[in-house]
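The values are calculated or read from the model by the stated rules, or taken from the named source; none is laboratory data. Just so we're clear, the structure is a prediction, and the values are computed from it rather than from any experiment. Quick reminder, even Gly has a Cβ in these numbers, built from the backbone with ideal geometry, and neighbours come from all protein chains shown. Heavy atoms of the whole protein, side chains included, go into the accessibility calculation; ligands, DNA and RNA do not. Shrake-Rupley method; radii C 1.70, N 1.55, O 1.52, S 1.80 Å.
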Amino acid sequence: MVDQLKSLFKYKELLLNFAKKELKVKYKNSVLGFFWSLLNPILMMIVFTVLFTVSPLRVAAKGIDNFPIFFLAGLLPWNFFNATVVGSTTSIVGNGALIKKVYFPRELLPISIAVANLVNFALELLVLIVFVLGSGLFLTRFLGFYKFLPILLVLLPILFVFTLGVSLMAASLNVYFRDIQHIIGIILMVLFYSTPIIYKFNPGMFGKFGIIYMLNPMADIVLSFKSILYGNADNVLAVPNWHYMAYSAAAASIMFLLGYIVFIRLEPDFAEEV
Amino acid sequence: MMASIWDKTTETGLDRPTVIEADDVWKTFKVYKERNPSLKETLLRGRSAYDTFWALKGVSFAVKEGSTLGLIGENGSGKSTMLKILAKILRPKRGSVRIDGKVSALLELGAGFHPDLTGREIVFLNGSILGLTKSEIAAKLDQIISFSELDKFIDTPVKNYSSGMYVRLGFAVAINVEPDVLLIDEILAVGDESFQRKCLNKLYDLKEQGKTIVVVSHALESVRSICDEAVWLEHGEMRAEGSARGVVETYLEEVNRREEAKSGQKSRDEEEFGTRWGSGEVKITGVRVLDGGGKKRRLFKTGETLIVEMDYEAKEEIRRPVFGIAIHARDGVHINGTNTKFSKTVFDKIKGNGTVKYIIEALPLLKGNYVLSTVVYDFACLHAYDHHDRRYLFNVSSGDLNDYGIFYLPCAWELKSGREKK
Ligand SMILES: Nc1ncnc2c1ncn2[C@@H]1O[C@H](COP(=O)(O)OP(=O)(O)OP(=O)(O)O)[C@@H](O)[C@H]1O
Ligand SMILES: [Mg+2]
């Protein structure tokens, strides 16, 4: 497996090209093209602001300051995860024609989707950071960021590796069981609500099941993102709980190993099964 | 037997290293009774039901650096499968393959890229699949575009390409990325005539540069001229291997033999072909196309003896009948017409049964399909007793000859080199 990972380096050009293609195809025939990556979070911000601070719906967000930021801080990493897993699941099957005709390490397909989505995610994060800076006393916010933002450099790789592990597994299994592409949406929806994105999480909320709840690595990852971008319950930027970080790092590594091993085992026969 | 005009002298290559090696390759395919089983079915009866189909059964060959191998065989014989295994797209069930150096493969139609991408984007994508960096591709871009002759369309999405254009682009990339080994599956068939020639010329160039090439093709003429060696696959087994010329020849003979057997079953002796007219005082009752040894034959090699025997039956005494033969190419060209009168062979009179023999000592026709007419006329050649128009088929293979056209013309070349200018 290490050898296989190493051999991927020879293909970094192809990886970039695949990722570019992914982005290009996504924005093909759209007037604003790439700007959508920046525009999307801005529009979401506007919609959430209208919905949850002005409209009657605001009762739903009662007790949470700055609800739009609270929501986006969890939604953006989730969207990265969600889009990558969904895209990867059909990436092998959907590129059957290519796989039957040329050789390249097949894992480049899901990886390139993850990379393309990461670019998107990074742009969205930038927009979000601007909003965060404007959402409170600028100086306090700025000092908070100054301290905590570097943690993103650890957190992003954890999210990336975990997402990739799930994606590799889904992509390769879907070649053999096409049901996965149908069921993955439901699974992701359940996972979405088992992750503290739209609601406020407090450890006591699930009683004894709190531990089980936190076993979902996305819960740990999203909570860590929220600490940095939204802050603790009082909306004060904070260091993520290091338990969460450590656990999600371990879970991401295991998930990646597992996903990659399954992928490598199934990969040589993709050309005749797709 | 006529001597070949130019004998290709391929270097023996004993000292050159083997760069492609297929060692006892076996390949199975699962032929699913039901495609893409759903989870439910799989859970209910384990892996879904399938038959095992052996597409390759113990194929072995080796290709030396700089030489060209042709894979031939009928549809479904496993050629593409073998090529895909060489290209690492498929994994052999048993056995192994090894290729040294950078491999560039061009397999079947289209490359399966996203239809919204433009030709230029595809060039970059394709190039990076073959392991080139962006700047390396950029450096070759002009060359690739000019080879593909798609200058005007290079920024058009490939969904608007014709299939020929798509193949041009793929071929242009595949050969311009300077691979060590080139694998090509039946692409020569798609381009138009001028592009096909261009491809062939390019293949000769690559050969000269010492690249190793494997081609799958039904264009046996091209295989014979480009390839040094060939492997003939049949139902996944190796029927023959060796010099390209020899293998193609064996293959053609087999195909013709089979066709003959088939047509023999259909109509016993004479084929219902062409038309027949005449007054019937003399009738041609049987026509046989024979080789020098008197055996019935359908396929001849250039230079062999061909004999046509015509049985006739004259109900009454006929004075000075004229027997004639005409040869047409199947596409209609009238190649030759002659008769006993032209040859100053006068039969005074005939009555009853007999046989007339027409002999060509050394058949000068080249590869092609031909058809014979046999006739018997009165001495003035105005009144047809019996005229079998274009009824008897025979085929010719050029054997060792590489000449183009319909005729073999013996010839010699001389070179007078001018004095070198200072
Ligand atoms: N993915 C596959 N699944 C099942 N059977 C396959 C698959 N690919 C090829 N086959 C079968 O394997 C056999 C060999 O196919 P292959 O494509 O190698 O033939 P070929 O010699 O290239 O024929 P052609 O001259 O028509 O191109 C065929 O009978 C084909 O049906
Ligand atoms: Mg084929």
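Compared with the dominant principal axis of the Cα atoms in chain B, helix B:119-129 is inclined by about 70°.
With respect to chain A, whose longest principal axis is taken over its alpha-carbon atoms, helix A:108-134 is tilted by about 10°. Only Cα pairs under 8 Å and at least 6 apart count here; give the relative contact order of the range A:2-273 as a rounded whole percent. The value is 26 percent. Label chain B by shape, choosing from rounded, prolate and oblate, from the square roots a ≥ b ≥ c of the eigenvalues of the Cα gyration tensor; if a/c is under 1.5 it is rounded, and otherwise prolate applies when a/b is larger than b/c, oblate when it is not. The shape class here is prolate. Across chain B, C-alpha contacts under 8 Å between residues 6 or more apart give a mean separation that, scaled by the residue count, equals a relative contact order of 14 percent.
Remark on the range B:73-220: Rg and Dmax equal 15.1, 47 Å (Cα only).
Candidate cross-link partners of B:LYS351 among the lysines, defined by an alpha-carbon separation under 28 Å and a same-chain spacing of 8 or more, comprise B:LYS283, B:LYS295, B:LYS296, B:LYS315, B:LYS341.
With Cα atoms as the point set, the radius of gyration and Dmax of the range B:134-199 evaluate to 11.9, 33 Å. For the residues of A:100-113, the average number of beta carbons from a partner chain within 10 Å of their own beta carbon is 4. Per the accessible-area calculation with a 1.4 Å probe, the total area buried between chain A and chain B rounds to 2900 Å².
Applying the criteria of a DSSP loop state and at most 12 other Cβ atoms within 10 Å to the chymotrypsin sites (Phe, Trp or Tyr not before Pro) of the range B:288-369 yields B:PHE342. Length, then width, then depth: along the principal axes, the Cα atoms of the range A:2-273 run 57, 50, 35 Å. Using the beta-carbon distance between A:THR49 and A:VAL190 and R0 = 25 Å, what value does 1/(1 + (r/R0)^6) give for FRET efficiency, to the nearest 0.05? Efficiency, from the Cβ-Cβ distance: 0.30. Considering only alpha-carbon pairs that sit under 8 angstrom and 6 or more positions apart, the relative contact order computed for the range B:202-331 is 14 percent. The listed peptides A:121-127, B:66-72, A:75-81, ordered by packing as a protection proxy, come out as B:66-72, A:75-81, A:121-127 (highest mean of other Cβ atoms within 10 Å first). Applying 1/(1 + (r/R0)^6) with R0 = 56 Å to the Cβ-Cβ distance of B:ARG239 and B:ASP192 gives a FRET efficiency near 0.95. Accessible area per residue for the range A:2-273, computed on protein heavy atoms with a 1.4 Å probe, is 46 Å².
Placing unit charges on the Cβ atoms of the charged side chains and taking the dipole of the protein assembly as shown about its Cα centre, the candidate lying farthest along the positive direction among B:ALA219, B:LEU130, B:HIS235 is B:LEU130.
Loop-located trypsin sites (Lys or Arg not before Pro) across the range B:315-375 with a Cβ neighbour count of 15 or fewer within 10 Å are B:ARG330, B:LYS344, with loop assigned by DSSP. Probing with 1.4 Å while keeping every protein chain in the model, the per residue accessible area of chain B equals 52 Å².
Between 0 and 90 degrees, the angle of helix A:179-193 with respect to the longest Cα principal axis of chain A falls at about 20 degrees. Protection proxy ranking for A:60-70, B:284-294, using the average of other Cβ atoms within 10 Å per residue and placing the highest first: A:60-70, B:284-294. In the range A:164-210, burial by the other protein chains removes 10 Å² or more of 1.4 Å probe accessible surface, compared with the chain on its own, from A:TYR176, A:PHE177, A:ARG178, A:ASP179. In the protein assembly as shown, Rg over Rh equals 1.17, where Rg is the alpha-carbon radius of gyration and Rh the Kirkwood radius from pairwise Cα distances.
For chain B, modelled as a GNM whose springs connect Cα atoms under 10 angstrom apart, the maximal fluctuation among B:GLY405, B:GLY76, B:GLY127 occurs at B:GLY405. The dipole here belongs to chain A: it is taken about the Cα centre, uses +1 on the Cβ of Lys and Arg and -1 on the Cβ of Asp and Glu, and is about 400 debye.
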